[in-house]
Amino acid sequence: MYMTQNEVEVLQYQPGDYRQPGLNEGPNYWNGGPPAPLPSDMESVAIHSKKEVIFVKRAAAAIVDNVLLILLFIGALTIGGFDEESPRMFIMIGIWFLGAVMYYLLLEGLTGYTAGKFALRIQVVRKDGRPPGILKEFIRYLLQLIEAGLIAGLVVLLSEKRQRIGDMAANTFVVNTKDLPPSSRSKTKDVALTILFSIMGLAAVVSAILGLYTAISSAEGTEVFLSKDRQFQVTAPASWHEDDLNDDQDLGITHRFSDKYFMLMSEDKLDFPSDVTLEEYHELIEDMALEEHSDVKLLEPTNALIVNGYEAYQFKFSTEHNGYSVIYSITTVETDTHFHQLHSWTLESYNSDKVQQELSDIINSFSEVARVDDRTI
């Protein structure tokens, strides 16, 4: 019994072969002529795909996506300062969560790709080969939250069409990109997605590095910072570094990744009448600060305190600076030869009890540098 050419074509068909059995006309077809396109039936392509290959690729893609989102989450925590009390922390977590949802609903819904699927060259498609769209992706995403990774993997292995439960509900398929019909492929889209995912990958790596650096810096303990004349010092966590905050400063330090600042300004008592007291000096500084800043809201009235054994006065206020609300503290301290201003501030969106305690610890670490035979030690 002999088979016709059309019967041979049907037997030879594999996913990605876009010759259409029975409809290839013209004398040049079997002599290397252009093939006629096969209908874009992704259900058939999914059935003929090797389930082990699709399973492994889907699992690897999920790992890539989870690692990417985890690293970006670390970046969000780093920007939030790893402070569970900070308003900024909640804002950054909210931004990350919204971004994670959009990563699937918009990106995968409109393109069929996530970073992992793009790297593994598989794509989510409808039966006609187009991306699933936002509604179908929403169905997939909801069920993805319910399906555990192991359950989803077992369903893919057991399913005739290599689908998990979310795919069955949305009537979508995950297929190899090479098996898509030519009409569903776009070099322009591939280039755009390559750039997008490269940027996301770079951001994830930077987030991981910054997060690790912050954790290591916090674990390293403290560091002593000296004033310009090396007569005075403060102690701060190792995650702080010296910075130029004001032309008149004697010492300025900033947290490396968070909006936390400290500045020391010292004035020789010889520049003032000999009968000027610390209280009078503080009133002068307070008046100057209130005149300099607009929209000042007093948070704590002036109160007397002891800073590392030195008499001091302190007041706190909030103000607007370049469109940002800032929480500010000014502490005046008297030593034998100088009056000192200890300024500390942070953004209101970043402020918390933990942040204020850290700033307070820096203020309370202020001291004169011990000297032996007029040499700093």
Reduced to Cα centres, the span from segment 225-241 to segment 257-294 in Å works out to 19 Å
Simple spin-label estimate for Asp128/Met168, 7 Å along Cα→Cβ, in nm, reads 2.6 nm
The exposure ranking of Ser352, Ser329, Ser274, fewest beta-carbon neighbours within 10 Å first, is Ser274, Ser352, Ser329
The residues Phe257, Phe173, sorted from fewest to most surrounding Cβ atoms within 10 Å, come out as Phe257, Phe173
Taking a ≥ b ≥ c as the square roots of the eigenvalues of the Cα gyration tensor, with a/c under 1.5 meaning rounded and otherwise prolate when a/b exceeds b/c and oblate if not, segment 221-376 is oblate
Cα-based Rg then Dmax for segment 45-216, in Å, read 17.1, 54
Taking placed amide H atoms and a strict 5 Å upper bound, the residues 5 or more places from Ser365 or on another chain that come that close are Thr235
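Can you put Thr78, Thr114 in order, fewest other beta carbons within 10 Å first?
Ranking Thr78, Thr114 by Cβ neighbours within 10 Å, fewest first, gives Thr78, Thr114.
Taking a ≥ b ≥ c as the square roots of the Cα gyration tensor eigenvalues, with a/c under 1.5 meaning rounded and otherwise prolate when a/b beats b/c, else oblate, which class fits segment 216-297? Don't skip to the answer; put the middle values down first.
Details: a/c = 2.73, a/b = 1.58, b/c = 1.73.
Cα axes put segment 216-297 in the oblate bin.
Throughout, read-outs are computed from the coordinates displayed, never taken from laboratory work. Computed from a predicted model, the values in this text were never measured in an experiment. Quick reminder, even Gly has a Cβ in these numbers, built from the backbone with ideal geometry, and neighbours come from all protein chains shown.
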